[in-house]
Amino acid sequence: MEGALGPVSVVLENDSNAAALGEAIVGAGQGARVVVYSNAGSGIGSGLVIDGRLYRGRPSGEMELGHLRLIPGGGILEDTSSGWAIDARVCEAVAAEPTGALAHGAATATSAPPSARLLPAALAAGDATAQRILDAAAGPYAHALSHVVHLLNPDVIVLGGGVATIGEPWRGSVARQLDALLMTPLRPSPPVRLATLGEDVVPVGVALAALATLGAAIDPSRSPAP
């Protein structure tokens, strides 16, 4: 790309890493030294920022939380806790409980098929099936994050991606189940926060990565933010 564009520097970054940098510098992790960011959407990606810099493993990648196998011989985390996995559970619930809150939401929704987008309203109505689906996805996610905490004990964990738009019910379920999985000296768990940059998180992170590549000092109060 640099050859095609001429005498300019080109910065390429993984979207989860970019989001991690954005949230760590100007988002929910601002001011923390060690920030773990994880986004759950169609898949599950993560990034680690230490002292304002992305952690880099080998060139093949790092922080692939979604590909952890929590049970030997079992599936990966994305099989249980990604947005697509939650969508599948919602579809099953709509079919199994045609008079339930999720089915009602599906009948009145303008988009199809049923998806995780139906959960917030059902949760707000106190629907037990919606809560069960949420907790079933948050549990393995918390299990995976417990390994991250036992290894790194970060200052803060930031949850992003489409699943995090469920909001406080998602954050609360992950945080509650995470705390119960930690060894006593590591309790209470690091703060678990929802991402704050929304759809701007990747562009903001890429802009910050470009500034870092140029050797520019990053002042969070003047950094790109929505």
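Nothing in this text is a laboratory measurement; each read-out follows from the coordinates by a stated rule. Fair warning: this is a prediction, and the values are worked out from it, not measured in the lab. So basically every Cβ, Gly included, is an ideal-geometry build from the backbone, and we count neighbours across all protein chains shown.
Give me the residue from the stretch 35-80 that is more than 12 Å from the chain's Cα centre (by Cα) and small (Gly, Ala, Ser) and, out of that set, farthest from residue 16 (Cα to Cα).
73
Only residues that are crowded, with 17+ Cβ neighbours inside 10 Å and either polar (S, T, N, Q) or in contact with an Asp or Glu (Cβ under 7 Å, 6 or more places away or on another chain) (or both): list them for the stretch 176-203, please.
The answer is 177, 189, 190, 195, 196, 197, 201, 202.
Restricting to the stretch 32-46, name every residue that is within 17 Å of residue 153 (Cβ to Cβ) and of a type outside the set (Val, Ile, Thr).
32, 33, 37, 38, 46
When the stretch 54-66 is examined, which residues are found to be in contact (Cβ under 8 Å) with a residue 12 or more places away in the chain and surrounded by fewer than 19 Cβ atoms within 10 Å (Cβ to Cβ)?
Listed by number, the residues that qualify are 61, 62, 64.
So, in the stretch 33-53, exactly how many residues are under 15 Å from residue 197 (Cβ atoms) and either surrounded by fewer than 24 Cβ atoms within 10 Å (Cβ to Cβ) or of a type in the set (A, V, I, L, M) (or both)?
The qualifying residues number 3.
Being closer than 26 Å to residue 79 by Cβ, charged (D, E, K, R) and under 16 Å from the mean Cα position of the chain (by Cα): is that true of residue 127 here?
So residue 127 fails the test.
In the list 145, 159, 151, which residue meets the criterion of being assigned to a helix (DSSP H, G or I) and in contact with a strand residue (DSSP E or B) (Cβ under 7 Å, 6 or more places away or on another chain)?
145
Which number in (1) under 21 Å from residue 145 (Cβ atoms); (2) assigned to a helix (DSSP H, G or I); (3) of a type outside the set (Phe, Trp, Tyr) marks the one condition that residue 94 misses?
Single failed check for residue 94: (1).
Which residues, counting only those in the stretch 130-154, are more than 19 Å from residue 192 (Cβ to Cβ) and surrounded by fewer than 20 Cβ atoms within 10 Å (Cβ to Cβ)?
Selection gives 132 alone.
Please state which of the following conditions residue 66 fails to meet, knowing it meets all the rest: (1) farther than 30 Å from residue 127 by Cα; (2) touching an Asp or Glu at 6+ places or on another chain (Cβ under 8 Å).
Evaluating residue 66 over (1) farther than 30 Å from residue 127 by Cα; (2) touching an Asp or Glu at 6+ places or on another chain (Cβ under 8 Å) leaves (1) as the failure.
Among 137, 112, which is the only one that is in a helix (DSSP H, G or I), of a type outside the set (S, T, N, Q) and at negative phi?
Only one candidate qualifies: 137.
Give the residues of the stretch 105-117 that are over 19 Å from the mean Cα position of the chain (by Cα), in contact (Cβ under 8 Å) with a residue 12 or more places away in the chain and either surrounded by fewer than 20 Cβ atoms within 10 Å (Cβ to Cβ) or under 19 Å from residue 167 (Cα atoms) (or both), sorted by residue number.
Result: 105, 113, 114.
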